[in-house]
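Reading through the C-alpha cells given below for one structure.
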Amino acid sequence: MSVNESPAGRPPTATYDSPFLKACRREPVPHTPVWFMRQAGRSLPEYRKVREGVPMLESCMRPELVTEITLQPVRRHGVDAAIYFSDIVVPLKAIGLDLDIKPGVGPVVEQPIRTRADLARLRDLTPEDVSYVTEAIGLLTGELGSTPLIGFAGAPFTLASYLVEGGPSRTYENAKAMMYGDPELWADLLDRLADITAAFLKVQIEAGASAVQLFDSWAGALAPADYRRSVMPASAKVFDAVAGYGVPRIHFGVGTGELLGLMGEAGADVVGVDWRVPLDEAARRVGPGRALQGNLDPTVLFSTREAVEARTREVLDAAAGLEGHVFNLGHGVMPATDPDALTRLVEYVHTRTAR
C-alpha cells in the first residue's frame, strides 16, 4: 500500500491532513513540518524533574509518565509531530533479556549473544509483553488530537550490535566478526530481530501511531556491499511487515551518506539524513519517490541565533526542490541544548517556509 492511501476499511484519522504526514506523502504543505529526534529528554528541565529517581527502562514502562514526557516538547516547542518516548532496547527487555541502561554508558547486556544456542533466548514478542505501550499510546493520541505520533524501533543491525558486543562499541569487532565469519548465524540473528522489531512496530501502529521510524543508529559503520548483503534484507523485512498499515515509514542512521540509496531501497517512504550530506545531494543518492528528513547539525544550536538561522536557511535552500521535506536535526538533540533555541528554530522554519 502506498502512503497516499488510507488503510483499507479505515477512515482518515485526525492526523491524516497534518503537515507532517502530508510531507511524508510528498504532498503540498502549508509550511515545512518540524520535529526533533530526542526532542523529549535531557534538554528539558521538566523532563529531568519527572524522571528524577526513575531508572530509564522503568520510565519507559509507566504509561502516564511516557505520556507526559512525550507531550512535553509538543507543548513547549510547537513541533509538528510527537515521537513516542521509549528506548530501542525496550522490546528486548520485554522478551526477557537481562539488560539495563546504565547512566553515562548506555544499554549493557549481561550475557551477549555469541552462539547459535543463544538465539533461543530471542523469543517472539507479543502485544501482552508491551501492554504498557498500547496503554500509553491510547493516552497520547487522546491528548495529541491532530498532532501525529511517531512510533519507533531500533533496526536489526543496531540491536544485533548491542547484543553481540554486550554494550556500546566504537569498532563493532564482535558483531562484524560474526557477520564475516559465520554469515548463517548472523543472518538468523538479524532475521529473529526483524520479527521482534516488526511486532513492536505493529503494536505501536495498532495502538494509534501515525508513522514509524526505524533507527539504524550504527549502520554507518558498514560498507555499502556489506549493508546490502548482510543487513538490508532484515531491515526490508521489517518495513515490509508494516507496509499494509499505510503509515509512513522513516529510516534513519548516522554516518550513512554512502548508504542513503540502499536505506531507501530497503522500503522507507522517508529517508533521514544526517548533517554530513546536503539534502540536494542526498536526494540525488536516494532517487525519486521518497521524502527526506533532516538535517541541521545539532551543534549549531549552541551558536548564535544568527548562525542558527543562517545554517537553517542553507538546509531549507538545499531542500527547496525536494518532493517532500521534514525538517529535523541530523542527529538527536544534545542534552546541553538550550530549549529556547529549539523553540525559536521551530518558529523560524514555520515562518520562513509559510506558503
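The values are calculated or read from the model by the stated rules, or taken from the named source; none is laboratory data. It should be emphasised that the depicted structure is a prediction, and the values quoted were computed from it without experimental measurement. We place every Cβ from the backbone using ideal geometry, glycine too, and count neighbours over all the protein chains shown. Accessible surface is based on the protein model in full, side chains and every heavy atom, while ligands, DNA and RNA are left aside. Shrake-Rupley method; radii C 1.70, N 1.55, O 1.52, S 1.80 Å.
What the table below lists for this structure:
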| read-out | value |
| --- | --- |
| Residues satisfying the stated conditions in the stretch 229-254, i.e. in contact with a helix residue (DSSP H, G or I) (Cβ under 9 Å, 6 or more places away or on another chain), part of a loop (DSSP other than H, G, I, E, B) and either under 17 Å from G289 (Cα atoms) or of a type in the set (S, T, Y) (or both) | V247, P248 |
| Any chance Y180 is closer than 18 Å to A223 by Cβ and touching a Phe, Trp or Tyr at 6+ places or on another chain (Cβ under 9 Å) | yes |
| Test: residue in the stretch 36-44 that is surrounded by fewer than 21 Cβ atoms within 10 Å (Cβ to Cβ) and in contact with a helix residue (DSSP H, G or I) (Cβ under 7 Å, 6 or more places away or on another chain) | yes |
| Qualifying positions in the stretch 34-50 - free of Cβ contacts under 8 Å to residues at least 60 places away in the same chain and over 25 Å from T353 (Cβ atoms) | E46, Y47, R48, K49, V50 |
| Count - residues of the stretch 202-211 that are buried (at least 24 other Cβ atoms within 10 Å of the Cβ) and either without any contact (Cβ under 8 Å) to a residue 60 or more places away in the chain or under 20 Å from G330 (Cα atoms) (or both) | 1 |
| The listed residue being open to solvent by less than 10 Å² (accessible area, probe 1.4 Å) and modelled with pLDDT of 95 or more, out of A223, A282, A199, A236 | A282 |
| Residue in the stretch 156-166 that is open to solvent by less than 40 Å² (accessible area, probe 1.4 Å), in contact with an Asp or Glu (Cβ under 7 Å, 6 or more places away or on another chain) and within 30 Å of V34 (Cα to Cα) present | yes |
| Residue match in the stretch 207-224 (condition: touching a His at 6+ places or on another chain (Cβ under 8 Å) and under 22 Å from V109 (Cα atoms)) | yes |
| Subset of the stretch 96-142 [on the phi > 0 side of the Ramachandran plot and touching a Gly at 6+ places or on another chain (Cβ under 8 Å)] | G106 |
